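Below is one structure; the comments refer to it alone.
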Amino acid sequence: MGSLVREEGHIYSLAASGDLLYTGSDCKNIRVWKNQKEFPGFKSNSGLVKAIVISGATIFTGHQDGKIRVWKVSSKDPSIHKRVGTLPTMRDYFNNSMKTSNYIEVKRHKNAVWYKHCDAISCLSLSEDKTFLYSSSWDKTFKVWRISNSRCLESVISHDDAVNSIVAGNDGLVFTGSADGTVKVWRRELQGTGTKHFFSQTLLKQECAVTAVAVNPNATVVYCGSSDGLVNFWEREKHMSHGGVLRGHKLAILCLVTAGSLLFSGSADMGICVWRRMGNDHICLSLLAGHKGPVKCLAAETDHESAPNERRWILYSGSLDKSVKMWRVSENAPPMAWRGCASSAPTSMPSSLPAATSFPAQTRNN
């Protein structure tokens, strides 16, 4: 449909809300676009913007410096965004920094307060009811924030390496993917005025890094993308059993997003695969090509101009080529006809492998 280009940095994060699109890059600005035209943006003064999530008139941005900035859209002028806070708040620092019990060892001979990320934030996710904000980081933890009062309720040391992705599903389940090659499931329980997240199970254990995690809209399927270019998925209705592997990319998966029955996977190979789930199977509808750099982030919104009997989506893709592209995708589209040898076509491979599977090296390198 079009391409949004502003030569100021690689695009690392996207978030769409109605006709507005927010883009984060390695410059100090968060750009806002409306109907493919630039809308007044806002400056964060904090460098690389790694993640963006939207909750009504509130925008949360995660940054390379380990902090979360909170922004509000003006009720009088929607083109004005005002920063209303930073997580963790200065109040928390003043109230808790004097207590030695609030400090944990983050590196050898280095301590820090438990409610502050000590490395770059990699991903943000909202709970289903928009009550909690989850942040994952390269510091091997994820943290839980209560949105109503901007308090950090919990910090979970969840992996042995950087946590690259976090997504909250239904019924208090949270899924994390890490550079340590694992995908883990966590169960949230409310305890008084706080929360407690308990480890539930490991869905995947492999040698290559997990780079992205996504859950379909009704939270029945969990997807993860890896640095080997594969997408694994699990079906919740079958007690989180491994459903199969989607092979559509030649290089690492960098981002995943779901919309209706569709899954979009963006890769370092500069392509985007469009997958449609049909029962327990997935078919590749199309391979979207147009970027000249790795596809780093994706966002999808309902296409309100679609016909009543047709489900269409607007897909936004951000790339390290410093551009954002817009695509219109229909769930009713027939699969594309693949040319050349059959081995070059994206495939969905069913699997009888159990949960917590470790794939052998020869499988990963295929």
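Just so you know, all these numbers are worked out from the coordinates, no wet-lab data involved. Remember, predicted model here, so these are calculated numbers, not experimental data. Cβ sites come from the backbone with ideal geometry, for glycine too, and all protein chains shown count toward neighbours.
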Calculated over segment 227-301: convex hull of Cα atoms, volume per residue (Å³): 90
Segment 269-329 and segment 186-225: distance between their alpha carbon centers, rounded to Å: 24
Choice from VAL185, VAL295, VAL84 showing the highest fluctuation, given a GNM over the chain with Cα pairs closer than 10 Å: VAL84
Extension gain (nm, one decimal) between ASN170 and MET90, 0.36 nm per residue minus Cα-Cα: 25.6 nm
Residues with amide H under 5 Å from that of ALA209, placed H, sequence gap 5 or more: SER227
Tensor-based shape of segment 116-191 (alpha-carbon gyration tensor, a/c under 1.5 rounded, otherwise prolate or oblate): oblate
Assigned charges on the beta-carbon of Lys, Arg, Asp, Glu; segment 129-248 dipole about Cα centre (debye): 320
Karplus-derived 3J(HN,Hα), 6.51/-1.76/1.60, for each residue of segment 235-250, Hz, glycine and proline x: 10, 5, 5, 10, 6, 6, 7, 5, x, x, 10, 9, 10, x, 10, 8
Choice from SER323, SER150, SER306 with maximal GNM fluctuation in the chain (Cα, 10 Å cutoff): SER306
Along each principal axis, Cα extent of the chain, largest first, Å: 66, 48, 36
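What stretch of the chain, leaving out the sites themselves, is the longest with no GluC sites (Glu not before Pro) in a DSSP loop having at most 13 other Cβ atoms within 10 Å? Walk me through the numbers before you get to the answer.
Details: sites that count: GLU7, GLU8, GLU128, GLU305, GLU310.
After excluding every exposed loop site, the longest remaining stretch is 129-304.
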Student exercise, the chain dipole from Lys, Arg, Asp, Glu Cβ charges, in Debye to nearest 20: 840
Of ALA209, ALA51, ALA219, the one that fluctuates the most in a GNM where the chain has Cα springs shorter than 10 Å: ALA219
Label point distance in nm, ASP160-LYS205, each placed 7 Å from Cα along Cα→Cβ: 0.9
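Please go through the residue pairs LYS238/LYS322; LYS72/LYS322; LYS205/LYS325; LYS130/LYS292; LYS37/LYS296; LYS196/LYS250 and name each one whose alpha carbons sit more than 32 Å apart in this structure. Spell out each step's value before the answer.
Working: LYS238/LYS322 41 Å; LYS72/LYS322 26 Å; LYS205/LYS325 34 Å; LYS130/LYS292 36 Å; LYS37/LYS296 21 Å; LYS196/LYS250 40 Å.
Check vs 32 Å cut-off fails for LYS238/LYS322; LYS205/LYS325; LYS130/LYS292; LYS196/LYS250.
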